[in-house]
1. Among MET118, MET88, which is of a type outside the set (Lys, Arg) and surrounded by 10 or more Cβ atoms within 10 Å (Cβ to Cβ)?
2. Working carefully through the options ARG322, ARG284, ARG334, ARG254, find the one that is buried (at least 19 other Cβ atoms within 10 Å of the Cβ) and either at pLDDT below 95 or of a type in the set (D, E, K, R) (or both).
3. List every residue pair whose Cβ atoms lie under 6 Å apart, where the two residues are 6 or more positions apart in sequence or sit on different chains, the first residue falls within segment 274-288 and is outside the structural domain of GLN329 (by TED's automatic domain parsing) and more than 18 Å from LEU251 (Cβ to Cβ), and the second residue, located anywhere, is in a loop (DSSP other than H, G, I, E, B) and near the ligand (Cβ under 8 Å from one of its atoms).
4. If you take the residues in segment 144-155 that are under 18 Å from PHE216 (Cβ atoms) and modelled with pLDDT of 80 or more, which one is surrounded by the most Cβ atoms within 10 Å (Cβ to Cβ)?
5. Within 16 Å of the ligand (Cβ to nearest atom) and among the charged types (D, E, K, R): which single residue out of ARG297, ARG322 fits that description?
6. Restricting attention to helices (runs of 4 or more DSSP H) lying wholly within segment 15-96, give those where 2 or more residues are of a type outside the set (Asp, Glu) and touching a Pro at 6+ places or on another chain (Cβ under 8 Å).
7. Tell me which residues, restricted to segment 43-68, are of a type in the set (D, E, K, R), within 16 Å of GLN30 (Cα to Cα) and at pLDDT 85 or above.
8. Among the residues in segment 268-287, are any of a type outside the set (Phe, Trp, Tyr), away from the ligand (no atom under 16 Å from the Cβ) and either part of a helix (DSSP H, G or I) or under 29 Å from ALA196 (Cβ atoms) (or both)?
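The values are calculated or read from the model by the stated rules, or taken from the named source; none is laboratory data. On a predicted model such as this, the values are computed, not experimentally measured, just so you know. Here Cβ is always computed from backbone atoms with ideal geometry, including for glycine, and neighbour counts include all displayed protein chains.
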Amino acid sequence: MQSISELVERALAQINAAATPAALDQVRVQYLGKAGELTSQLKSLGSLPAEERKAFGQSVNAAKAQLEEALNERKSVVGQGAKPASAMLDVTLPGRRRLAGRPHPMTVTAETMKRILMGLGFTYEDFPDIETEYFNFDALNTPPWHPARDMHDTFYITPTDGEHRLQTEAELMRTHTTAFQGRVMRARNGQVPIRAMTTGRCYRKDDIDASHFPIFQQLDVFAVGTNLTMSDLRWTLTELAKGLFGGEAKLRFRPSYFPFTTPSAEVDVSCIICKQKGCSLCSRTGWIEVLGSGMMRPEVLKMGGLDPAKHQGFAFGIGVDRITMLRHQINDIRHLYQNEEAFLRQF
Ligand SMILES: [Zn+2]
């Protein structure tokens, strides 16, 4: 037994000293080969008294296992000689591109608009997707009977029946980011001027098709001050359009109706694809509808704690999805919300 532990010690020292695969193999043969030192120990087993054989056999086997393990470990350090062809590096192969994350095209569009408007003095703030019925509708002069408040169009969070809909503290998924107007005016506590914007997801019970999705993203902007007129609105929108679509972009205002503005206008931008010669994107009209806007109604200013006799405001809301689709000529809104890597990788 004593001699076996000495033998193991000696072998381990030689294994650790072996610097090449060949030297290591020599050590293996010296101890574990057919005529190896440890192997020949087993041959002496027969000459031992019967009661000692078992213990001696076990210690020889343990020593063998220990040396094999040490040999394997050392083998990985000194290398295994020539590598197999499959592990060789072929420098002529094309590299593997690592897929990097990138901003969603809608994020890029929203950030571009934010940057342009910040340059015009607008401040940015985020608001929650869950809004009270009061700020979403009442504070925006949308009467209780208005069809937009119907449960068929709006996702209500507070359980409601027909009557509870008139409860203004009911919660819902905001149907437009315009809901932020009341919150901003209240927070400013009567102080003007205000130049504010927000963007985020809005929710409506729309049937899904190429241009409708129950979730969509808006960017909403408003300004309140003294002596503000439609021309201030028009100037702001023209600057925004130039930044988004290039210096040649022209705007067209068409009379429209929103409960929270008067006068109200739908705004079209000159077709960026055909330069107004007529194409399928603009339905051969040369114009593309991009946003809704108007002068804030006195009722809305009043509910925000401001005096409509002293102050005026203008407001506009843009579909971030729509602008993104225009900029990249995407023909189906569903692409923007389905998180398909193959689609998103193009941007
Ligand atoms: Zn066109």
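1. Values: MET88 fails: surrounded by 10 or more Cβ atoms within 10 Å (Cβ to Cβ).
Criteria check complete, one pass: MET118.
2. Details: ARG284 fails: buried (at least 19 other Cβ atoms within 10 Å of the Cβ); ARG334 fails: buried (at least 19 other Cβ atoms within 10 Å of the Cβ); ARG254 fails: buried (at least 19 other Cβ atoms within 10 Å of the Cβ).
It is ARG322.
3. The qualifying pairs do not exist here.
4. If we take residues in segment 144-155 being under 18 Å from PHE216 (Cβ atoms) and modelled with pLDDT of 80 or more, then THR154 is surrounded by the most Cβ atoms within 10 Å (Cβ to Cβ).
5. Numbers: ARG297 fails: within 16 Å of the ligand (Cβ to nearest atom).
When all the criteria are applied, what remains is ARG322.
6. On the way: elements: 21-32, 37-43, 50-78.
Hits in segment 15-96: 50-78.
7. Within segment 43-68, the first condition is being of a type in the set (D, E, K, R), and the residues that meet it are 43, 51-54, 64, 68.
Applying the additional criterion that residues be within 16 Å of GLN30 (Cα to Cα) yields 43, 64, 68.
Passing the criteria: LYS64, GLU68.
8. First, pick out the residues of segment 268-287 that are of a type outside the set (Phe, Trp, Tyr): 268-286.
Now narrow it down to the ones that are away from the ligand (no atom under 16 Å from the Cβ): none.
Looking for residues that are of a type outside the set (Phe, Trp, Tyr), away from the ligand (no atom under 16 Å from the Cβ) and either part of a helix (DSSP H, G or I) or under 29 Å from ALA196 (Cβ atoms) (or both), one finds none in segment 268-287, hence no.
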